[in-house]
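The values are calculated or read from the model by the stated rules, or taken from the named source; none is laboratory data. All values derive from a computational prediction rather than experimental measurement. Here the Cβ is made from the backbone with ideal geometry for all residues, glycine too, and neighbour counts use every protein chain on show. The area values use the complete protein model at the heavy-atom level, side chains included, leaving out ligands, DNA and RNA. Shrake-Rupley method; radii C 1.70, N 1.55, O 1.52, S 1.80 Å.
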Amino acid sequence: MPQPTRVDVLPIQEVVATASPTAWRDGIVVAQGDALVTVALLDGDTRTVTTRATPDPGEPVAVHPVAELLAVGGVWFAARPARDHRS
């Protein structure tokens, strides 16, 4: 399996994500703009993260809440929980 491209990902985030692969949660982007991405997770939860990723609404993604990552295709982006959003 090829290594994903990483954008703003710290080494510790990579270690955490690699060590806990079952923590990834699949979802669909419902909103994107102003460095915020909102994802409707397949388990019914919603997450809004601050990230450099710019996926389109409707695009499938994965969120690793422990490592604070967002995977869009084969690219991992740092994705911190948005402070002003309770999603």
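General observations
- Within the stretch 1-29, tally of residues that are modelled with pLDDT under 95 and of a type in the set (Lys, Arg): 1
- Subset of the stretch 14-35 [of a type outside the set (Asp, Glu), open to solvent by 30 Å² or more (accessible area, probe 1.4 Å) and under 11 Å from the mean Cα position of the chain (by Cα)]: Trp24, Arg25, Ile28
- The stretch 41-58, residues that are of a type outside the set (Val, Ile, Thr) and either surrounded by fewer than 17 Cβ atoms within 10 Å (Cβ to Cβ) or more than 19 Å from Arg80 (Cβ to Cβ) (or both): Leu42, Asp43, Gly44, Asp45, Arg52, Asp56, Pro57, Gly58
- Subset of the stretch 63-80 [over 12 Å from Ala17 (Cβ atoms) and of a type in the set (Val, Ile, Thr)]: Val72, Val75
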